[in-house]
Amino acid sequence: MLHALPLYYCAQLDCFLGRAIYLGISNVIIGQPRPDTILPMIEKHAITSFFAPPSVWIALLRSPHFDSTNLSSRLRATMALRSFLEIADIGFAELGKAIFENAGSASW
């Protein structure tokens, strides 16, 4: 699981990092949610789960490195339902992967 948001963000800390530690999932923590950092980490560590707000997903989709990044690790895009609806219009389905929608109070 890749963690790119500050750990003081409740969804990142409580919903994802805490659960991943409890379940013994491998975690990769990076300092900033930038496409030029995130995309290489997804490829290098075969990341299968990544949570981000719409602004980060949009930046990833628009990155010139997106098309050349190997996403064969079956990346699951995790976000709030509202977030999914916000970025669906710009072609989120381009990921060609399973999309998981998790609605939570942190995103409303």
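Output the number of the condition that A103 fails; it satisfies all remaining conditions of (1) modelled with pLDDT of 75 or more; (2) assigned to a loop (DSSP other than H, G, I, E, B). Result: A103 fails condition (1) only.
So is D67 modelled with pLDDT of 75 or more and of a type in the set (D, E) or not? Against the criterion (modelled with pLDDT of 75 or more and of a type in the set (D, E)), D67 qualifies.
Please tell me if P54 is more than 17 Å from R74 (Cβ to Cβ) and modelled with pLDDT of 85 or more. No.
Could you please find all residues in region 22-40 being surrounded by fewer than 16 Cβ atoms within 10 Å (Cβ to Cβ) and of a type in the set (A, V, I, L, M, F, W, C)? Selection gives L23, I25, V28, I29, I30. Is there any pair with a first residue in region 60-77 that is surrounded by 11 or more Cβ atoms within 10 Å (Cβ to Cβ) and a second that is in a strand (DSSP E or B) whose Cβ atoms are under 6 Å apart and which are 6 or more apart or on different chains, and what are they? Here the result reads R76/S49; R76/F100; A77/I99, each pair linking region 60-77 to a residue that is in a strand (DSSP E or B). Output the residue which, of all residues in region 13-46 that are in contact (Cβ under 8 Å) with a residue 40 or more places away in the chain and part of a helix (DSSP H, G or I), is farthest from the chain's Cα centre (by Cα). It comes out as C15.
The values are calculated or read from the model by the stated rules, or taken from the named source; none is laboratory data. Because the structure is predicted, anything quoted here is derived from the model rather than measured. Neighbour counts run over all protein chains shown; Cβ positions are idealised from the backbone, glycine included.
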